[in-house]
Amino acid sequence: MEALLGGAIIGGAAGAGIASLLRYRLASGVSRAEPVATEERPPAEADVVVIGAGVAGLATALYLNEHGMKVLVLEKGVVAGEQSSRAFGWIYSNGWHPEKLELANQAKRLWEGYAGRFGEDIGYRRTGNFSLINSEEEMEAHKAWLSEAKQADPSITSRIVTGEELDRLLPGLQDRYLGALYQDSDGTIEPQYTISRLARGAQREGVTICAPCAVRQIELAGGQVAAVETEHGTIRCKTVVIAAGAWSSLLVRQLGVRLPQLGICTTMQRLSSVAGPAGAGYGRDFTWRRHADGQYSMGGLRHVSPLTLDSFRFLRDFMPAMGHARSMLKLRFGGDFWTSFGERASSRTDAASVFEHVRILSARVDRKENGTIRANATRAFPALASARVVDSWGGVIDATPDSTPVISDVANTPGVFLITGFSGNGLSVAPAAGQMLAAMIAGVKPVCNPAIYRLQRFRDGSPFVFRH
């Protein structure tokens, strides 16, 4: 589950004609996020401009503000309108690659402190996470991971549960599983309102958020960031953080920077409250998260990857990972490929850009897939049979070739920083990722080691490591 990978950035199109419904994607979706009051017009200058008011951008802004910087967050649509409010809602490190445990566990510590920091319930709860084990081979792999993970980070609480203990933790489980990798220190959030409340907390501490306000271009002077050009005018700044999710690769391309990042479409559904499984986790063909109110979010382990120009632009980067991703992806050729020919960041600043034409990126709901997922979950937990479908939605996950985010400066372009490519795990690590990037920008030693997250790993000869 930690290794959601592959696909292509869903083809946008410059110009007003993009309002048509494509095979796997809506040109402009509807926000699922709790509304946040924002500034209508940006100030003329800031120390740092953060592009994107999802969880990664907001976390970075929060910690930049702690370093005494004047921070402005610009969002082309609404706060948390894209993937941050469309995700599973897991906050976990169960089964993570040992090199990434440091960041994931630091993020959990930060999530646990936000309610007290901001003075309101932000939806975080320690609920536990389950990776159900199908075979003896999987059991041995989990045992090997436990040994390695505990050496990397002794604070992890993951363990194998079987028999009566599994029955006690997951009563009503009918599928035949050998056990589960379980971590009780993992938790969940409520994506529809958690990130919005994080944003309001950041505002109370001094962060300015302006929306809707699309960035059309990043201006350089002498190779250094000098300003950003927006639909509402010029903002002078020396530092820009690109936290634009699935849009990041397109946005940074105008600077001549190559960011191998692609996207995949996910389909989700919410079920009414029933006496089903606790916490969050996944089985062989379904995932679940129990909400604070007893409802459920359900998703699958396979996702649609529409072929676009970026599929071929970054083919060499992603080729080593395709063997790992094959079981999780369904490649599709359709209208998105032809539409992607019109996807470009315009060099003009006096005309609307693609970022204004697509304020909220979302994927088309796959109702057949949702039905299959629900049937699979009900087979495992028959109590879910009485639940009704309350809502369904799609989203777009931003992925990198090694399923690891880019949290990095950009070589030869001083003042540009990236925090993107979370590969389906932004909610789990974004607070620590933002804290780490803010420290790098401020010139102080980060709490976590940023080495594996650097952009240069894709072109400095580093061996490919698929960090699932």
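Tabulated values for the structure
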{"item": "Selection within segment 89-108 - assigned to a loop (DSSP other than H, G, I, E, B) and in contact with a Pro (Cβ under 8 Å, 6 or more places away or on another chain)", "result": "GLY89"}
{"item": "Condition met for LEU132 (at negative phi, of a type outside the set (Val, Ile, Thr) and surrounded by 19 or more Cβ atoms within 10 Å (Cβ to Cβ))", "result": "yes"}
{"item": "Test: residue in segment 156-164 that is of a type in the set (A, V, I, L, M, F, W, C), modelled with pLDDT under 95, touching a Leu at 6+ places or on another chain (Cβ under 9 Å) and outside any strand (DSSP E or B)", "result": "yes"}
{"item": "Where ALA199 falls short, out of the listed (1) at pLDDT 95 or above; (2) in a helix (DSSP H, G or I); (3) in contact with a Gly (Cβ under 8 Å, 6 or more places away or on another chain)", "result": "(3)"}
{"item": "Qualifying positions in segment 49-88 - part of a strand (DSSP E or B) and closer than 18 Å to GLY233 by Cβ", "result": "VAL49, VAL50, ILE51, LEU72, VAL73, LEU74"}
{"item": "Condition met for LYS150 (open to solvent by less than 20 Å² (accessible area, probe 1.4 Å), more than 30 Å from ALA226 (Cα to Cα), assigned to a helix (DSSP H, G or I) and not polar (S, T, N, Q))", "result": "no"}
{"item": "Restricting segment 383-424 to residues that are in a loop (DSSP other than H, G, I, E, B) and of a type in the set (D, E, K, R), the residue that is farthest from ALA104 (Cα to Cα)", "result": "ARG388"}
{"item": "Unique residue being open to solvent by 10 Å² or more (accessible area, probe 1.4 Å), in contact (Cβ under 8 Å) with a residue 12 or more places away in the chain and in contact with a Cys (Cβ under 7 Å, 6 or more places away or on another chain) when the list is GLU231, GLU190, GLU205", "result": "GLU231"}
{"item": "Qualifying positions in segment 449-468 - open to solvent by 40 Å² or more (accessible area, probe 1.4 Å), in contact (Cβ under 8 Å) with a residue 24 or more places away in the chain and outside any loop (DSSP other than H, G, I, E, B)", "result": "GLN456, PHE458"}
{"item": "Selection count, segment 40-51, where residues are touching a Leu at 6+ places or on another chain (Cβ under 9 Å) and either open to solvent by 10 Å² or more (accessible area, probe 1.4 Å) or farther than 15 Å from PRO431 by Cβ (or both)", "result": "8"}
{"item": "Among the residues listed as GLY283, GLY294, the single one being modelled with pLDDT of 90 or more, within 16 Å of THR372 (Cα to Cα) and open to solvent by less than 10 Å² (accessible area, probe 1.4 Å)", "result": "GLY283"}
{"item": "So VAL240, is it open to solvent by less than 20 Å² (accessible area, probe 1.4 Å), of a type in the set (Val, Ile, Thr) and not in a strand (DSSP E or B)", "result": "no"}
{"item": "Any chance ALA226 is in contact (Cβ under 8 Å) with a residue 12 or more places away in the chain, assigned to a strand (DSSP E or B) and in contact with a Phe, Trp or Tyr (Cβ under 6 Å, 6 or more places away or on another chain)", "result": "no"}
{"item": "Only one of ALA351, ALA387 that is among the hydrophobic types (A, V, I, L, M, F, W, C), at pLDDT 90 or above and over 23 Å from the mean Cα position of the chain (by Cα)", "result": "ALA387"}
{"item": "Hits in segment 208-223 - residues which are touching a residue at least 24 places away in the same chain (Cβ under 8 Å) and either among the hydroxyl-bearing types (Ser, Thr, Tyr) or surrounded by 14 or more Cβ atoms within 10 Å (Cβ to Cβ) (or both)", "result": "THR208, ILE209, CYS210, ALA211, PRO212, CYS213, ALA214, VAL215, ARG216, GLN217, ILE218, LEU220"}
{"item": "Breaking point among (1) at pLDDT 95 or above; (2) in contact with a Gly (Cβ under 8 Å, 6 or more places away or on another chain); (3) not in a helix (DSSP H, G or I), for LEU173", "result": "(2)"}
{"item": "Of all residues in segment 352-382 being in a helix (DSSP H, G or I) and open to solvent by 50 Å² or more (accessible area, probe 1.4 Å), the one that is nearest to TYR296 (Cα to Cα)", "result": "ARG374"}
{"item": "Residue among SER155, SER196 that is under 27 Å from GLY421 (Cα atoms), out of contact with any strand residue (DSSP E or B) (no Cβ under 8 Å at 6 or more places or on another chain), of a type outside the set (Asp, Glu) and open to solvent by 10 Å² or more (accessible area, probe 1.4 Å)", "result": "SER155"}
{"item": "Some residue of segment 425-448 being surrounded by 24 or more Cβ atoms within 10 Å (Cβ to Cβ) and in a loop (DSSP other than H, G, I, E, B)", "result": "yes"}
{"item": "Matching residues in segment 385-401 - criterion: being open to solvent by less than 10 Å² (accessible area, probe 1.4 Å), of a type outside the set (A, V, I, L, M) and more than 22 Å from ARG364 (Cβ to Cβ)", "result": "THR400, PRO401"}
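The values are calculated or read from the model by the stated rules, or taken from the named source; none is laboratory data. Predicted model, so just to flag it, every value in this text is computed and none were measured. Note: ideal-geometry Cβ built from the backbone for every residue, glycine included; neighbour counts use all protein chains shown. Protein only, heavy atoms only, side chains kept; ligands, DNA and RNA dropped before computing areas. Shrake-Rupley method; radii C 1.70, N 1.55, O 1.52, S 1.80 Å.
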